[in-house]
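Before any comments, here is the structure.
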Amino acid sequence: MAPRSLLIVSAVLAALVVGFAQFPLTLALSLLNAPGLSADAARGTLWSGSLYGAALAGFDIGEVNLRTSLGRLMTGEPPVVMRWRSAIASGKARAAIGRDGFGLNAVELRMAFETPQLRGIADLSNASISFAADGCTSAAGDIVVTPANGGAPLSGSLACQGGGLMARLQANGLVLEIPIVNAP
């Protein structure tokens, strides 16, 4: 490749990276319109921004800070690192968001957990979850729920069932299937 051609290609690539980095997050979210992802407000850019009043598949996650990794984008890994905190949950994940839905990998989450069967604190680790317009499409990972009443912790795994996200928990011979996110 001639030096002039190399210079032109380098300039075009640099312009694309700068354009991507400065692309407004509010515009990106409206263009994507990813099923299951919503926010009351967004600020910043694709490179570094925040969502306020955010929800994933109807689950309120509050304020979310997003940071895009160019290195992950170039290697095909989920490029967006998310960190969130709300009144009931805090966590982090790597995310891939598109028109067909979104996927979360390397999910680490701590949340207050309350259902008719169980109340306590749930810890998710090593989780990966994918959602599309019709709900949960795949889920894996470990979950441990420490009951508020001081009982023995229940441990288990995540699964999709009928478009909803479920926790399958067990301890001392007790088995519970608890919905975390209902089907759309």
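The values are calculated or read from the model by the stated rules, or taken from the named source; none is laboratory data. Everything numeric here is computed off the predicted structure, so don't read it as measured data. Neighbour counts are summed over all protein chains in view; Cβ atoms, including those assigned to glycine, are modelled from backbone coordinates with ideal geometry.
Given the structure, is Arg67 in contact with a Gly (Cβ under 9 Å, 6 or more places away or on another chain), under 19 Å from Ser38 (Cα atoms) and surrounded by fewer than 18 Cβ atoms within 10 Å (Cβ to Cβ)? Answer is yes for this residue. Within region 94-133, being out of contact with any Pro (no Cβ under 6 Å at 6 or more places or on another chain), among the aliphatic types (A, V, I, L, M) and within 17 Å of Val64 (Cβ to Cβ) holds for Ile97, Leu104, Ala106, Val107, Leu109, Met111, Leu124, Ala127, Ile129. Considering region 145-158, and only residues there that are surrounded by 17 or more Cβ atoms within 10 Å (Cβ to Cβ) and aliphatic (A, V, I, L, M), the residue that is nearest to Arg99 (Cα to Cα) turns out to be Leu158.
Residues checked against (1) surrounded by 20 or more Cβ atoms within 10 Å (Cβ to Cβ); (2) within 15 Å of Ile178 (Cβ to Cβ); (3) among the aliphatic types (A, V, I, L, M); (4) modelled with pLDDT of 85 or more:
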residue	(1), (2), (3), (4)
Ser90	no, no, no, yes
Ile97	yes, no, yes, no
Thr115	no, yes, no, no
Ala122	yes, yes, yes, yes
Ser138	no, no, no, yes
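In the set (1) over 13 Å from the mean Cα position of the chain (by Cα); (2) farther than 24 Å from Pro184 by Cα; (3) in a strand (DSSP E or B); (4) not aromatic (Phe, Trp, Tyr), the condition left unmet by Arg72 is number (3).
Taking every residue in region 71-91 that is more than 16 Å from Gly58 (Cα to Cα) and pairing it with any residue that is modelled with pLDDT under 85 and in a helix (DSSP H, G or I), at least 6 positions away or on another chain, the pairs with Cβ-Cβ distances below 7 Å are Pro78/Arg72; Pro79/Arg72; Pro79/Leu73.
For region 84-94, state whether one or more residues are of a type in the set (D, E, K, R) and in a loop (DSSP other than H, G, I, E, B). No, that holds for no residue.
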